[in-house]
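The values are calculated or read from the model by the stated rules, or taken from the named source; none is laboratory data. Not measured: the values here are computed from a predicted model. Please note: Cβ atoms are built from the backbone with ideal geometry, for glycine as well, and neighbour counts cover all protein chains shown.
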Amino acid sequence: MTDITGVGFQLPAIDATDRAIIVATQGGLPLVARPYHAIAQSLQLEPRQVMTRILRMQETGVIRRLGVVPNHYAIGYRANGMSVWDVPDDRVDQLGASVGGFEFVSHCYRRPRRLPQWPYNLFAMVHGKSRDEVEQKVSQIAALLGEHVRSHTILYSTRILKKTGLRLAGQKKTE
C-alpha cells in the first residue's frame with residue numbers, strides 16, 4: 001500500500017501488468033465472445049491471469065467496478081429522467097433496493113438532503129422513448145413506495161454528458 005496523500009489514505013500498489021490491463025480495459029471491453037481472452041492475447045498474457053488480476057484489483061479497491069455504459073439515445077430512448085424522492089432516512093436503503101429492482105431503473109442511489117431547498121434523498125434514473133413513458137414508469141415507483149413518499153419530482157436531461165471515469169495514460173515507450 002502507498003500513502004499518496006500524506007494523510008493516511010492507502011492505495012494498493014499495482015505493477016506494470018496490472019496497469020496494462022487497466023489501460024486495455026478502461027475504454028471498454030472488446031465486443032467479442034471472449035473479451036478477456038482477446039485482452040490477454042493483446043497483452044501476451046494468459047486469459048486466467050487477466051481475469052485473476054482483475055478480480056484481485058476489484059477486491060483491493062484498485063478497480064471499483066466493471067459495468068455497462070449504454071448510449072440511451074442510440075437505442076431510441078430520448079427521455080431521460082432522474083426521479084428524486086423524499087423518503088424516510090431510516091427506510092431509504094430498503095426502499096432504494098426495491099426501486100433499483102425495477103428493470104427500467106438504470107441506477108438508483110442514496111444522496112444527502114440539502115435542507116431546506118433540497119429534501120430528496122433517493123435518486124432513480126429512468127429512461128423512456130418519451131416523457132410520457134418516463135412519467136408512467138415513475139408512477140410505478142410511486143406506487144411501490146406508497147405511503148413512504150413525502151414528495152418527488154423528475155429532473156429531465158437536456159443534453160448528453162460524457163460518461164467516463166478516470167483514465168490512466170498508456171505506458172510510454174522508451175527507445
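Here are some notes:
- Taken as a whole, the structure leaves L161 outside the set of residues that are under 23 Å from the mean Cα position of the chain (by Cα), closer than 30 Å to A16 by Cα and modelled with pLDDT under 95.
- Checking Y120 against (1) surrounded by 17 or more Cβ atoms within 10 Å (Cβ to Cβ); (2) free of Cβ contacts under 8 Å to residues at least 40 places away in the same chain; (3) of a type outside the set (A, V, I, L, M, F, W, C); (4) not in a loop (DSSP other than H, G, I, E, B), the condition it does not meet: (4)
- Given (1) free of Cβ contacts under 8 Å to residues at least 40 places away in the same chain; (2) surrounded by fewer than 18 Cβ atoms within 10 Å (Cβ to Cβ); (3) among the basic types (K, R), index of the condition K137 fails: (2)
- Scanning segment 126-136 for residues that are at pLDDT 95 or above and part of a strand (DSSP E or B) returns a single hit, V126.
- The residues of segment 14-25 that are exposed (fewer than 15 other Cβ atoms within 10 Å of the Cβ) and either on the phi > 0 side of the Ramachandran plot or not in a helix (DSSP H, G or I) (or both) amount to a single one, D15.
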